[in-house]
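Here is the structure we will look at, set down as structure tokens.
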Amino acid sequence: MASNLKYSAALKNAQQNAITSTLGANAVLEIYSGSQPANPDTAISSQVLLASLTCNATFAPAASGGVLTLNAIANGTGTAGAGGGTVATWYRLKTSGGTAHIDGTVGISGADLFRTSSPSNGGAASASTASSGVACSSAPTNTAAELTGTDLVVDRCAR
């Protein structure tokens, strides 16, 4: 028989609020190219860091309706690895001390973090609140590559 788990709003809120507690103040959103590791406990190997963005000192207000909406994320600076044509494929959320807790995919659709424009396109960042999990937005800046202005929406960070 297929799995058909259903959670109460109270349990979903508690699960989402645990993300805020675990990541703490000034969590870091790192965006990478390359293959996503098996899980956040797996060390980075050949993956290339494209940008690092610092989250708000208060990661998110209390979840509501099972949805955790992140507070603002500061613009970040892209790395030399984010050269023209480099595509973000996954992200990692870490504590300010560097402990990884959440990994997810990056893509134009069907991903955990949505890149709503191609890496070579500019544009303002956009935000979206998804009914299924975490939502946030950021507009990384990059002096070395075409990641500048890429639209990003983090969606479904925790299910």
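The values are calculated or read from the model by the stated rules, or taken from the named source; none is laboratory data. Note that the structure is a prediction, hence the values are computed from the model and not measured. Quick reminder, even Gly has a Cβ in these numbers, built from the backbone with ideal geometry, and neighbours come from all protein chains shown.
Could you tell me which of the residues THR77, THR42 is under 16 Å from the mean Cα position of the chain (by Cα) and of a type in the set (Ser, Thr, Tyr)? I'd like the intermediate steps shown before the answer.
On the way: THR42 fails: under 16 Å from the mean Cα position of the chain (by Cα).
Exactly one residue qualifies, and that residue is THR77.
Within the stretch 56-104, track down each residue that is part of a loop (DSSP other than H, G, I, E, B), of a type in the set (Ser, Thr, Tyr) and touching a residue at least 24 places away in the same chain (Cβ under 8 Å).
Keep residues of the stretch 56-104 that are part of a loop (DSSP other than H, G, I, E, B), which gives 56-63, 65-66, 70-72, 74-76, 79-89, 95-99.
If we keep only those that are of a type in the set (Ser, Thr, Tyr) as well, we get 58, 79, 86, 89, 95-96, 99.
Matches in the stretch 56-104: THR58, THR79, THR86, THR89, THR95, SER96.
Could you list, in sequence order, the residues of the stretch 7-41 that are within 17 Å of ALA63 (Cβ to Cβ) and in a loop (DSSP other than H, G, I, E, B)? Even if it seems obvious, please write down each step before you answer.
Going through the stretch 7-41, the residues within 17 Å of ALA63 (Cβ to Cβ) turn out to be 7-24, 27.
Within the stretch 7-41, TYR7, SER8, GLY24, ALA27 qualify.
Please work out if ALA60 is crowded, with 16+ Cβ neighbours inside 10 Å and more than 30 Å from SER8 (Cα to Cα). Can you show your working first?
Details: crowded, with 16+ Cβ neighbours inside 10 Å: yes; more than 30 Å from SER8 (Cα to Cα): no.
Against the criterion (crowded, with 16+ Cβ neighbours inside 10 Å and more than 30 Å from SER8 (Cα to Cα)), ALA60 does not qualify.
Please count how many residues of the stretch 34-92 are charged (D, E, K, R) and in contact with a strand residue (DSSP E or B) (Cβ under 6 Å, 6 or more places away or on another chain). Walk me through it before giving the result.
In the first step, residues of the stretch 34-92 are kept if they are charged (D, E, K, R); the result is 41, 92.
In the following step, the residues that additionally are in contact with a strand residue (DSSP E or B) (Cβ under 6 Å, 6 or more places away or on another chain) were identified as 92.
So the count comes out to 1.
Residues of the stretch 21-57 being among the hydroxyl-bearing types (Ser, Thr, Tyr) and touching a Leu at 6+ places or on another chain (Cβ under 7 Å), which ones? Before you say what the answer is, go through the steps one by one.
Step one: of the stretch 21-57, the residues among the hydroxyl-bearing types (Ser, Thr, Tyr) are 21-22, 32-33, 35, 42, 45-46, 52, 54.
Across the stretch 21-57, the qualifying residues are TYR32, SER33.
Got a number for residues in the stretch 36-53 being free of Cβ contacts under 8 Å to residues at least 40 places away in the same chain and crowded, with 16+ Cβ neighbours inside 10 Å?
Matching residues across the stretch 36-53 total 3.
Within the group ALA100, ALA130, which residue is small (Gly, Ala, Ser) and at pLDDT 80 or above?
Values: ALA130 fails: at pLDDT 80 or above.
ALA100 is the lone residue from the list that is small (Gly, Ala, Ser) and at pLDDT 80 or above.
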